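Heads up: the structure comes next, in structure tokens.
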Number of protein chains: 2
Amino acid sequence: MEAAARVIARRGVRGLRVEELAAEAGVSTALIYYHFKDRTGILRQTLEFINDRAERYTTERDPDAPPPTAREELEQTLLLELQDTVEVRENSTAWGELRASAVFDETLREDLARATRIWVQEVAGLLGVVQPMSSAVALAGAAERLTALLEGLSMRWLSGSLPLAHARTLLTEAIDTEVARLGS
Amino acid sequence: MEAAARVIARRGVRGLRVEELAAEAGVSTALIYYHFKDRTGILRQTLEFINDRAERYTTERDPDAPPPTAREELEQTLLLELQDTVEVRENSTAWGELRASAVFDETLREDLARATRIWVQEVAGLLGVVQPMSSAVALAGAAERLTALLEGLSMRWLSGSLPLAHARTLLTEAIDTEVARLGS
């Protein structure tokens with residue numbers, strides 16, 4: 001799965017060749033087909049893998065640091081998606097590619113919509129701890145905006161239209177604004 | 001140029017074949033190469049074309065309607081990018097493709113960064129009419145967030161993760177929030 005995320009982040013979904021994936025993973029193409037059945041199987045499981053990995057790196061906390069406040073927890077979860085590390089770049093590139101290819105290919109749409117919804121619900125949950133008097137609809141709306149903004153900023157960063165530090169500032173300000181809106 | 005936008009919206013940047021473009025435009029491939037020089041030339045001019053076209057359809061107003069307020073002007077300019085018409089779908093799909101392919105290909109990055117900046121400045125200008133006491137930095141930040149959010153929402157819509165009407169509601173609420181933030 002790591003090899004698949006790497007190859008997609010390098011060549012795009014549409015540049016994904018099973019031969020290159022097999023070479024990257026150090027296995028035969030037959031084993032790839034045995035394991036994933038087909039190209040759709042590869043993409044579907046890669047989507048799951050990058051979501052699990054994002055779940056891990058956005059929730060990892062320094063064990064020696066004092067426990068974060070609800071607000072810090074929210075901010076860290078979102079801002080950790082805008083980091084210049086190999087893992088985050090690879091994950092964000094692959095996610096952007098799966099999103100972009102779903103515009104043309106209907107196969108992945110359901111999986112992608114489900115993954116998006118799970119992400120939105122997670123962020124809505126964190127927002128609800130920060131602003132416990134908010135309605136579920138208001139929390140979901142704020143979470144949809146923050147995650148869609150994060151996707152937009154991430155693509156601008158990866159495509160060279162926006163420096164990473166500035167993307168982080170813009171996202172932090174959006175979190176401020178959404179939290180204030182929920183509290184008003 | 002219309003044919004190029006259509007082919008990119010149908011097959012993606014990476015599925016663009018000069019033969020198909022020539023057939024779509026009803027000309028020879030030699031003429032395509034004569035006019036655009038190479039593939040990069042096609043992509044570069046398509047980017048310019050879709051920006052001009054977006055400029056047109058987001059500023060078109062009903063001549064019989066009363067002149068819009070500054071706030072209506074701002075809202076219409078942004079919301080007209082989220083419409084289920086052939087032209088807007090094609091434009092947004094092609095824009096998303098040019099953005100996504102710039103992650104892998106450095107050639108288009110400068111043109112894309114410039115087009116993004118012009119768009120941000122246009123929206124910042126409209127925001128400045130709504131909230132004339134705001135600083136240029138605050139206006140630019142709000143415009144960057146609104147346009148990046150619009151890109152994110154647009155990709156979710158086109159990839160089937162978000163119904164169009166809901167995308168429009170989320171964007172309208174974001175405009176409310178950004179305008180209120182600038183006024184506070």
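The figures follow:
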item	result
10 Å Cβ neighbours from other chains, averaged over peptide A:7-20	2
Only Lys, Arg (+1) and Asp, Glu (-1) charged, at Cβ; the protein assembly as shown dipole about Cα centre in debye	600 debye
About the Cα centre, charge dipole magnitude for the range A:29-132 (Lys/Arg +1, Asp/Glu -1 at Cβ), debye	380 debye
Distances in nm from B:Y33 to the matching label points in the other copies, shortest first (labels 7 Å along Cα to Cβ)	3.6
Relative packing of B:56-62, A:3-9, which averages over residues the other C-beta atoms within 10 Å, highest first	A:3-9, B:56-62
Average accessible surface area per residue within chain B, 1.4 Å rolling probe, Å²	46 Å²
Helical segments meeting 15 Å axial Cα length and Kyte-Doolittle -1.0 threshold in chain B (DSSP H)	B:39-59, B:86-102, B:109-130, B:136-158, B:164-183
Chain B - charge dipole about Cα centre, Lys and Arg +1 at Cβ, Asp and Glu -1, debye rounded to 20	500 debye
Two-decimal Rg/Rh across chain B, once Rg and the Kirkwood Rh are taken from alpha-carbon atoms	1.01
Residue (of B:L182, A:A94, A:S154) at the positive-pole extreme of the protein assembly as shown, dipole from beta-carbon charges	A:A94
Span per principal axis, largest first, for the Cα atoms of the protein assembly as shown (Å)	61, 56, 31
Sequence of B:E122, A:E55 when ordered by accessible area, the most exposed leading, probe 1.4 angstrom	A:E55, B:E122
Nearest-0.05 FRET efficiency for B:T29 and A:V86, computed from C-beta distance (R0 45 Å)	0.65
Shielding score for A:162-174, defined as the mean number of other chain Cβ atoms within 10 Å	3
Length-normalised contact order of the range B:66-184 in % [C-alpha pairs under 8 Å, at least 6 apart]	33 percent
Farthest toward positive dipole pole in the protein assembly as shown [+1 Lys/Arg, -1 Asp/Glu at C-beta], among A:L126, A:Y33, B:G125	A:Y33
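The values are calculated or read from the model by the stated rules, or taken from the named source; none is laboratory data. These figures come from a predicted structure and were not determined experimentally. For neighbour counting, all protein chains shown are included, and Cβ atoms are generated from backbone atoms with ideal geometry for every residue, glycine included. We work out accessible area using only protein heavy atoms, side chains counted, and drop any ligands, DNA or RNA first. Shrake-Rupley method; radii C 1.70, N 1.55, O 1.52, S 1.80 Å.
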